[in-house]
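See below for the structure under consideration.
Rule-based calculations on the coordinates, nothing more; no lab input. Quick caveat, the model's predicted, so the values are computed rather than measured. Here the Cβ positions follow ideal geometry from the backbone for every residue, glycine too, while neighbour counts run over all protein chains shown.
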Amino acid sequence: MQSLILYIGSTEINFIKTLSIYIPEKIQWILIAMILGISILFIFPPAFLLIYRFSDYAIHWMLLCLLIGIVSLFIGNEKFLYSCFFSSGILAFFLMNSFNTDLRLVSLNNPASISLLFVNLTFTNDDINSSLQSIYNMDPDILVLEELSPDNIEKLQSTRARYPYQTMLPRIDPLGKAVLSKFPFYEESSFGIFGNPILSLGLTNQLNDSFKILVSNSLPLESSNSFSRMNEFLDSLSVKIKKDFPNVILSANFNLVPWSRDLRNFKIKTGLMASRRDNNEGISNTKTLSILNTPNNEIFYTRSLECSYFKVLLDSEGNELGLYGRYQKRVAF
């Protein structure tokens, strides 16, 4: 019986090997060079529109390299095996460092922490009352809304009982935004960079710890010029944050994937950290392709703060409604 099993196993392996199509040596090296070259383009992308668009599919390419590597293992092609596993490995490391790389979130040990919920009501098909109830169940200290239109202002009147301190910047385009808070603002202002408005609010919690809340979003990037303007916008915003603002919590949707070159440079210049720990955090496990999710919204925070809790808020259909995070001042030793 054992010899029969070994015979069947060896037959299957030989069958898999015979399925592999013979590829000339020269063609193999050309394909390997293409695989390695494409992988490098994801990490060091040049400033071309096609490359910008292509960078959205970094996770897809990583998984494809992994699949080719596994197939190469069975057919005994070591050149493709090592090349594809190497490409998949460096891409996995690159993507991992685009998110929060802390091994675990800190324990909640500071009663002066504040919680923030960053919501886009256009993401959901639920009615406004259902969405507000989901928000109330989370009970954040600060509610940040993006894509706030004039039509939504009246619908939000019921929130004043819970959030008496409100600043709204409604617009007919997607750049509208609002901040609703349980705590009073000691500063309310907005500033623009290249016509893109940014809300800037200072508040203190019940223990008089001060925080700066910034809200920024952008229009979809459709051309090489729009990507270039976004790069200049992020450069200007980074200078503003480094110069003027301590203890920053930035709720942003720049329509850039977390591993984009411009966003990585922005985080390096400002010292901001992302709250997300991976691309499909909080997404329903019943969605088979959730691993291919490429989120654009994020809550960033300065290194003077730390994130003690993070969650993706879902609607009744399992779609993302918003991001919830709790932040506190970092304890210095």
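Look at Met273, Met230, Met96 and count the other Cβ atoms within 10 Å of each Cβ; fewest to most, that gives Met96, Met273, Met230. Here the range 92-233 is treated with +1 on each Lys and Arg Cβ and -1 on each Asp and Glu Cβ, and its dipole about the Cα centre works out to around 220 debye. Straight-line reach from Lys329: which aspartates and glutamates fall under 20 Å, measuring Cα to Cα and dropping same-chain residues less than 8 apart? Filter leaves Asp102, Asp141, Glu187, Asp209, Asp244, Glu298, Glu306. Of the cross-linked pairs Lys182/Lys243; Lys155/Lys269; Lys155/Lys240; Lys79/Lys269, those separated by over 32 Å at the C-alpha level are Lys155/Lys269; Lys155/Lys240; Lys79/Lys269.
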